[in-house]
Amino acid sequence: MHDLEALALLHDPVRRSLYDAVTAGAGDVGRGEAAEAAGVSRTLAGHHLDKLVEAGLLESGFRQQEKKGPGSGRPAKVYRRARAERSVSLPPRDYAALASVLAGVVDVLGAEEQAEEAARRAGERMAGRHSGQPVERVLGERGYEPYEEGGLLRLRNCPFHALSEEQPLLVCSMNLALCQGLLQGLGDDPARATLDPRPGECCVVLSKTNGD
């Protein structure tokens, strides 16, 4: 299915709610959990979730029941965010290819410090377009999907995931500098942003503000 057709499925409010329920989960999300979060029946949720799997927007699997042996029941079907990325632009654009080339140039020239400084300035400019907004909202609008855990603000999604797989050290250091610049521009403490990589998530985390 083409990206445009796949993303069009999310125009349906029920499918969008179910997709959000699954992607907001820290891992595999069961059919019942997604149905409850979206406020629909389990049967209806299953139908729409499977449609999202067919479109490549979600992936499915099975969770073994804790109880073993006779009477334990069938494994429960679970859903998770698809690893493949979807994007739409008309006419088609390929910014990722150019970003990959530029990252390679930075690596060849040994210009990591200059790249980090450029990312920091970009973060400050971003803050100028979101004056007065909390950093959580800005990061949410930029696709980071922030959530709180253990006194930290973690970021479930890395907007630069594809590029980070090619150049992890460069991309993570630039991402950190971008977030620090954003905090600085918002009048916040840039030291709140640090690196704490975790599989499947953004490498940057934010500590709580002083006094929280």
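Figures for the structure shown
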item	result
For region 101-206, the spread of Cα positions along each principal axis, largest first, Å	38, 29, 21
Portion, in percent, of the accessible area of the chain that falls on carbon or sulfur, probe 1.4 Å	52
Globularity index of region 152-210, i.e. its alpha-carbon radius of gyration over 2.2 N^0.38 Å	1.08
For region 1-66, convex hull of alpha carbons as volume per residue, Å³	83
Of Ala37, Ala45, Ala115, the one that fluctuates the most in a GNM where the chain has Cα springs shorter than 10 Å	Ala37
Between 0 and 90°, nearest 10: helix 112-128 axis offset from the chain longest Cα axis	70
Region 109-164 - accessible surface per residue (Å², probe 1.4 Å)	57
FRET efficiency estimate (nearest 0.05) - Cβ-Cβ, Ala118 to Asp12, R0 41 angstrom	0.50
Residue with peak Gaussian network fluctuation, the chain [Cα springs, cutoff 10 Å], from Leu170, Leu195, Leu183	Leu195
Residue of Val101, Val14, Val40 that the Gaussian network model of the chain assigns the largest fluctuation, springs spanning Cα pairs under 10 Å	Val101
Lys51/Ala99 FRET efficiency (R0 45 Å; Cβ-Cβ; nearest 0.05)	0.90
Cα-based helix-to-principal-axis angle, 95-109 vs the chain, degrees rounded to 10	50
Trypsin sites (Lys or Arg not before Pro) within region 93-196, DSSP loop, no more than 11 other Cβ atoms inside 10 Å	Arg93, Arg129
Convex hull of the chain built on C-alpha atoms - directionally averaged projected area, nm²	15.0
Unit charges at the beta carbon, dipole of the chain: most positive-side option, Tyr147, His130, Leu183	Tyr147
Principal-axis tilt of helix 13-23 within the chain, Cα atoms, nearest 10 degrees	70
Fraction of antiparallel bridges per DSSP, the chain only, in percent to nearest 5	100
Helix-only CD estimate at 222 nm, as mean residue ellipticity for the chain, using -39500 (n - 2.57) per DSSP H run (n ≥ 4)	-14500 deg cm²/dmol
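The values are calculated or read from the model by the stated rules, or taken from the named source; none is laboratory data. Values in this document were obtained by computation on a predicted structure and should not be read as measured data. Please note: Cβ atoms are built from the backbone with ideal geometry, for glycine as well, and neighbour counts cover all protein chains shown. Just the protein is used for accessible areas: all its heavy atoms, side chains included, with ligands, DNA and RNA removed. Shrake-Rupley method; radii C 1.70, N 1.55, O 1.52, S 1.80 Å.
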